[in-house]
Amino acid sequence: MPNRRRVAITSFGAFLLGVLGFLLFFRMNFKSVEVRGQSMEPTFESGRRLLMSSAYWLVGPIRKNDIVVLKEPESGDTIIKRVKGLPGDVIDFADIPISWSFSQGEYRVPEGTYYVLGDNRMVSQDSRMYGPFETSDVLGKVVIFGHEPWFYGILGLATLAVVASGIATLLEGKAAARVKK
C-alpha cells in the first residue's frame with residue numbers, strides 16, 4: 001500500500017511539473033495585446049484582443065501580410081500593423097515613405113527592416129510616416145485573432161492535462177511492474 005501512495009504522489013508531481021512548464025513556456029512566448037484606434041479597421045475594431053507570439057521558431061518567420069506588434073519609434077508605445085514589405089522588396093509608389101521623392105526612383109526596403117502599413121490607410125501612422133521598422137522593433141507576430149485569446153491558453157492547458165495524465169499512467173504502470181518483481 002505505501003508504494004501505491006508514493007506512485008500517486010510521483011504521478012501528481014509529474015502532472016504539476018508539466019503544467020508549470022507549459023505555463024512558463026506560454027508566459028515567456030505569448031502575450032495578449034489590445035487593438036487601440038482605427039488604423040487596422042476593418043480587420044480589427046478598437047478594443048479587440050489578439051494573441052501574439054515572439055517564438056518565431058514555433059509560429060514561423062515574419063512574411064508579407066502577417067500582422068505584427070511593434071514598438072513605435074517615437075513614443076515606445078505598441079502598435080499593430082500588417083507587413084507590406086520584407087528586406088529587399090520594392091514598395092509601390094502609393095505606399096512609399098513621405099520623405100521619399102519620386103525622383104529617387106523605386107523605394108526598396110532596407111536590409112534588417114520591415115515595411116508595415118495599417119489596413120485603414122486614411123488614419124494609420126505607419127512606415128509611410130516613420131519609414132521602415134528595425135527588426136528589433138518587432139515585439140511579436142499575431143497568431144490568434146479571437147475576441148478571447150486566453151481561451152486558447154485554457155485549451156492548451158487541457159491538452160497538457162491529458163498528456164500529463166498519460167505520462168502518469170505510464171509511470172504507475174512501471175512502478176506496478178517493479179512491485180511485482
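The values are calculated or read from the model by the stated rules, or taken from the named source; none is laboratory data. This one's a predicted model, so the numbers in the text were calculated from it and none came from an experiment. Ideal geometry is used to build each Cβ from the backbone, glycine not excepted, and the neighbour counts take in all protein chains shown.
Quick notes
- Checked against the criterion of being farther than 16 Å from V138 by Cα, surrounded by fewer than 14 Cβ atoms within 10 Å (Cβ to Cβ), outside the structural domain of Y130 (by TED's automatic domain parsing) and in contact with a helix residue (DSSP H, G or I) (Cβ under 9 Å, 6 or more places away or on another chain), segment 21-38 contains one or more residues that satisfy it.
So that you can scan it fast, the table gives a plain yes or no per residue for (1) modelled with pLDDT of 80 or more; (2) part of a helix (DSSP H, G or I):
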residue	(1), (2)
R6	no, yes
S11	no, yes
F25	yes, yes
K31	yes, no
R36	yes, no
E45	yes, no
W57	no, yes
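- Tabulated pairs, segment 31-46, first within 17 Å of D126 (Cα to Cα), second of a type in the set (S, T, Y) and part of a strand (DSSP E or B), C-beta under 9 angstrom, 6+ apart or interchain: R36/T78
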